[in-house]
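Report on the structure given below.
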Amino acid sequence: MSLNQHGRPYAPGISLRPLLPWLLLASALGITMMVLGAGRGDRVLPSLSAGLLIAFVVGTGLGVNAPLWSKSTGSAAQPDGLTSIREALRCNVWLAALVYAWGASALFAIYSLSDLVWRHAFQYASGAAVFAAGIGLYALWLGRSSNRHVPPLALTIVHGIAAAGGLAYLIGADKLATVKGDWAANEVFLWGSLAIVALCIMSLVTQTRIKA
C-alpha cells in the first residue's frame, strides 16, 4: 500500500502523482507555444495551446471525480467512500493551484519573452502566483494526517462564482476581440477561468456525495 508524505495511505486509485510529470510537461510546452504565437502575432496558436492544456487538466479532474459520483461508490456511509471523496477533493485543489501557476507563468513568459506589451501583465501574473501558492498550501494542509476535513461547500461555490463572473465579463465586454497588447492575457484568463469553473463544478458534485 502506498503512503503519502504523512504516512497516511492514499485512497485506492486517487492520486495525481502518475500524471504530475505529464501535467507539468504539458504546461511547459503550452506556455512555449503561447510565447511563440504571441511573438508572431498569431492568435490561434496561443488559444489552441491553452485550450489543449486545460482540456488535459479538466480531463484529469473528471478521471479523479467521476468514479465517485455513483451513490454506491461515493457515499460517506462507506468508510472507503469518504476517504476517496476527501482525496479527490484534495486533487481538485492541487489542479486549481496548477491552473493558477500555469496562468502566472504564461503571463510572465509571454510579456517577458515576446514583443507584446501590456502594463498590467506582471501585476496579474504576480496575483495568480500568490493564488497558486495559497491554494497549494491549502492542499498541503488538507493532506495532513491529522486533518479529516473536506473543503467547505461554500468555498467551492464562491470560487466558482468568482471565476464564472470573470469569464462572463471577459466575454460580455468583448475583451477577446481586442487589438491591444492584452489579447494574449485574455486567452490566459479565458481558459484559466473555464478550468476553474469546471473544477468547481466537479468538486461541488463530489462534495454532494458526502450527504448522498
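The values are calculated or read from the model by the stated rules, or taken from the named source; none is laboratory data. Quick caveat: nothing in here was measured; it's all calculated off a predicted structure. So basically every Cβ, Gly included, is an ideal-geometry build from the backbone, and we count neighbours across all protein chains shown. Keep in mind that these areas ignore ligands, DNA and RNA; they rest on the heavy atoms of the full protein, side chains included. Shrake-Rupley method; radii C 1.70, N 1.55, O 1.52, S 1.80 Å.
May I ask you to order 160-167, 62-69, 17-24 by the average number of other C-beta atoms within 10 Å around their residues, highest value first?
Ranked by mean Cβ neighbours within 10 Å, highest first: 62-69, 160-167, 17-24.
Average the reciprocal distances over every distinct pair of alpha-carbons in the chain, invert the result, and give the Kirkwood radius in Å.
Averaging 1/r across every pair of different Cα atoms and inverting gives 17.9 Å.
How large, in percent, is the carbon and sulfur part of the accessible surface of the chain at a probe radius of 1.4 Å?
C and S atoms contribute 70 percent here.
Quick one: accessible area per residue over the chain, 1.4 Å probe, rounded to a whole number of Å²?
With all protein chains present, the chain gives 50 Å² per residue.
Percent of Cα-Cα pairs more than 19 Å apart in the range 144-203, please.
42 percent
Under a point spin-label approximation (7 Å from Cα along Cα-to-Cβ), what is the R40-L153 distance to one decimal in nm?
That separation, rounded to one decimal, is 4.9 nm.
Quote the FRET efficiency, to the nearest 0.05, computed for L20 versus A162 with a Förster distance R0 of 22 Å and r equal to the Cβ-Cβ distance.
Taking R0 as 22 Å, the efficiency between L20 and A162 is 0.25.
Whole number please: convex hull volume per residue, Cα atoms of the range 94-212, in Å³.
Convex hull of Cα atoms, per residue: 95 Å³.
To the nearest 0.05, how large is the calculated FRET efficiency for K175 and W141 if R₀ is 22 Å and r is the Cβ-Cβ distance?
0.05
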